[in-house]
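The values are calculated or read from the model by the stated rules, or taken from the named source; none is laboratory data. It should be emphasised that the depicted structure is a prediction, and the values quoted were computed from it without experimental measurement. All Cβ positions, even for glycine, are placed from backbone atoms using ideal geometry, and neighbour counts span all protein chains on display.
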């Protein structure tokens, strides 16, 4: 199964379209990555909050440890420091939660932004490209088969515009029915050309 047509103009058009699709996918992925990085910047306050909360909790724990060494009243004096350190750890936890939310949001937006461009490629371009490859492969097989030219001529009668058929012969259907060799050959070549394939 060949990927491109036999005729140079059609093959060039297909190659150009394939390159444009590749560029489209590349730009879509780059844009999604840029959006991901942009949204991740919203996590900076959470990082600062986490850092400040952890720093405050560590400092208060150190002070509490030192106060605990004071004879007689040390245990009573450490309680406020321990409570404040726990509150600071809660602030740090809130900062971590905010970063996790922003990270999830950035990933969801990046994936969401890819749905439309990748969907166009997967559900519009790829099926059409695959359909052409299958039709071209079948037409090539018919071109080589003894009775294939008749079937290609019949497809041309069914698919080609009436103006084009009329140029071959004003009574093209009767000519085909009667097995006129020149008409059958021209119709088959017309169908092959419409797929970008050579007539022989």
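Being in contact (Cβ under 8 Å) with a residue 40 or more places away in the chain, in the same structural domain as residue 112 (by TED's automatic domain parsing), farther than 22 Å from residue 97 by Cβ and touching a helix residue (DSSP H, G or I) at 6+ places or on another chain (Cβ under 6 Å) is true for just one of 29, 21. Which residue is that? Explain how you work it out, then say what you get.
Numbers: 29 fails: touching a helix residue (DSSP H, G or I) at 6+ places or on another chain (Cβ under 6 Å).
Criteria check complete, one pass: 21.
Report yes if residue 117 is buried (at least 16 other Cβ atoms within 10 Å of the Cβ) and either closer than 30 Å to residue 5 by Cα or not assigned by TED's automatic domain parsing to the domain that holds residue 25 (or both), otherwise no. Even if it seems obvious, please write down each step before you answer.
On the way: buried (at least 16 other Cβ atoms within 10 Å of the Cβ): yes; either closer than 30 Å to residue 5 by Cα or not assigned by TED's automatic domain parsing to the domain that holds residue 25 (or both): yes.
Yes, satisfied.
Quick check on the stretch 140-160: of everything there that is exposed (fewer than 11 other Cβ atoms within 10 Å of the Cβ) and within 20 Å of residue 5 (Cβ to Cβ), which residue is modelled with the lowest pLDDT? Steps first, answer last, please.
From the stretch 140-160, those exposed (fewer than 11 other Cβ atoms within 10 Å of the Cβ) are 141, 144, 146-147, 158; that's our starting set.
When the remaining residues are screened for being within 20 Å of residue 5 (Cβ to Cβ), the result is 141, 144.
On the way: 141: 88, 144: 83.
So, considering only residues that are exposed (fewer than 11 other Cβ atoms within 10 Å of the Cβ) and within 20 Å of residue 5 (Cβ to Cβ), the one modelled with the lowest pLDDT is 144.
Scanning for something outside the structural domain of residue 17 (by TED's automatic domain parsing) and in contact with a helix residue (DSSP H, G or I) (Cβ under 6 Å, 6 or more places away or on another chain), does the stretch 177-184 turn up at least one residue?
Pass one, the stretch 177-184, residues outside the structural domain of residue 17 (by TED's automatic domain parsing): 177-184.
If we keep only those that are in contact with a helix residue (DSSP H, G or I) (Cβ under 6 Å, 6 or more places away or on another chain) too, we end up with 183-184.
Yes, there is a match, as at least one residue in the stretch 177-184 is outside the structural domain of residue 17 (by TED's automatic domain parsing) and in contact with a helix residue (DSSP H, G or I) (Cβ under 6 Å, 6 or more places away or on another chain).
Does residue 94 meet the test of being modelled with pLDDT under 90, in a helix (DSSP H, G or I) and more than 27 Å from the chain's Cα centre (by Cα)?
In short, no.
Kindly indicate which of 18, 58 is under 30 Å from residue 88 (Cα atoms) and either at pLDDT below 90 or within 46 Å of the chain's Cα centre (by Cα) (or both). It would help to see each step written out before you state the result.
Values: 18 fails: under 30 Å from residue 88 (Cα atoms).
Of the residues listed, the single one that is under 30 Å from residue 88 (Cα atoms) and either at pLDDT below 90 or within 46 Å of the chain's Cα centre (by Cα) (or both) is 58.
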